[in-house]
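Structure, as structure tokens:
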Amino acid sequence: MVAAVKRLSHFGVHKTTLAEIADDLGITKQALLYYFADKQTLIKAVLDYIAKEYLQSLSKHLSLAKDFEEVLVQLVETRYAYLRKYYMVLCEFIHNDAPKTSDLISLKAYLHQQEQQALISFFNDALSVKEVRPTDAKSLVNLVQETLDAFAQSANPGHKIPEEKQIKEMMQKQKEIVRLIYRGIAA
């Protein structure tokens with residue numbers, strides 16, 4: 001799996017073949033096809049691998065946050081780190097014009113739900129120590145997620161591969177947005 005993730009992360013989905021991944025592994029393409037029926041199956045496995053790694057990293061970073069504002073900032077920073085690390089794989093699935101398979105839609109929904117559960121838990125912790133004013137946690141977290149997602153989409157209207165500078169600027173603006181949201185709910 002690591003070889004496939006590495007190659008796809010470097011060259012992207014469309015510029016990577018199963019034969020190249022097999023070569024990286026020192027096996028034949030037919031041997032690779034024994035484990036993955038086709039390229040789409042391999043890509044799904046790679047995306048699942050990245051998603052699992054992302055959620056583990058997010059959990060670790062959120063647990064180190066000292067308050068809910070930092071939780072929100074860590075969400076942005078962890079998303080940014082994974083976008084940078086796996087951009088050539090993820091860019092083909094980020095844009096609205098990318099083909100949406102049921103597996104991809106399910107994976108995105110799962111990631112959204114997992115982020116949501118973690119953020120709600122941290123919000124409730126902040127509420128219990130009166131760090132934030134009472135509000136509906138699920139609605140607030142949905143607003144944060146949807147705002148970050150919409151901002152990311154609008155930051156790249158031409159669906160071109162953005163330069164590192166553009167990605168970093170987007171992250172900085174997203175951090176400003178979550179800090180603004182936090183100030184609106186801080187007790």
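The table for this structure:
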item: Residue among A45, A37, A51, A3 that is in a loop (DSSP other than H, G, I, E, B) and within 22 Å of L107 (Cβ to Cβ); result: A37
item: Matching entry among L58, L62, L47 (being surrounded by 16 or more Cβ atoms within 10 Å (Cβ to Cβ), among the hydrophobic types (A, V, I, L, M, F, W, C) and touching a Lys or Arg at 6+ places or on another chain (Cβ under 9 Å)); result: L58
item: Among residues of the stretch 78-107, those that are at pLDDT 85 or above and either of a type in the set (G, A, S) or surrounded by fewer than 16 Cβ atoms within 10 Å (Cβ to Cβ) (or both), counted; result: 3
item: Selection count, the stretch 15-33, where residues are part of a loop (DSSP other than H, G, I, E, B) and either among the small types (G, A, S) or closer than 23 Å to K52 by Cα (or both); result: 2
item: Unique residue being of a type in the set (S, T, Y), part of a helix (DSSP H, G or I), under 30 Å from V132 (Cβ atoms) and in contact (Cβ under 8 Å) with a residue 40 or more places away in the chain when the list is S9, S59; result: S59
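The values are calculated or read from the model by the stated rules, or taken from the named source; none is laboratory data. Keep in mind it's a predicted model, so treat the numbers as computed, not measured. Neighbour counts run over all protein chains shown; Cβ positions are idealised from the backbone, glycine included.
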